[in-house]
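Structure first, then comments.
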């Protein structure tokens, strides 16, 4: 019997309001920095339902009319792990912000200024792709022996 692959599916949803986007100032665990809301897809919900739920849980906002922007994935061949992050953008939202969201304070940031904020490399790499025409697919192969990113494949359509 072969060793099965461990699939983990996540979402990320960029919320745009004119020239600003909503980012979470996340300051806990190993994933610190500014990032759009998102999280793990719970079985058996759909990927879009997960993105909508995660935005609500993390910001208090209700989003709709999500537009698929692309797939970002990490593959670790040594551990047989594959993390797939489905990325969306929307400008349709309503509701009130949570005062103290579980993943960090929600803040509106100009798209231009976001480049100067602390972000994980995975978020920074795809950030501009949310605002370009078409979709993207990014695959990062983890170099397990050196504990760092290895090959990065980027495809834009």
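The angle between the Cα long axis of helix 47-59 and the longest principal axis of the Cα atoms of the chain comes to about 50 degrees, rounded to the nearest 10.
Where both residues lie in the chain, what percent of DSSP beta bridges are antiparallel, nearest 5? Taking every DSSP beta bridge within the chain, about 70 percent pair in antiparallel fashion. In the chain, helices alone account for a calculated mean residue ellipticity at 222 nm of -4000 deg cm²/dmol, with every DSSP H run of four or more residues adding -39,500 (n - 2.57). Remark: spin-label model distance residue 30-residue 92 equals 3.8 nm, labels positioned 7 Å along the Cα→Cβ axis.
When the expected Rg is taken as 2.2 N^0.38 Å, what fraction or multiple of it is the alpha-carbon Rg of the chain? Walk me through the intermediate numbers first.
Details: Rg = 15.7 Å, N = 157, 2.2 N^0.38 = 15.0 Å.
Scaled against compact globular proteins, the figure is 1.05.
In the chain, Cα pairs under 8 Å separated by at least six residues give a relative contact order of 27 percent.
Taken together, the values in this text are just the output of simple stated rules run on the coordinates, not laboratory data. Nothing here was measured: the structure is a model prediction, and the numbers come from that model. Heads up, the Cβs are rebuilt from the backbone with ideal geometry, glycines too, and the neighbour counts pull from every protein chain shown.
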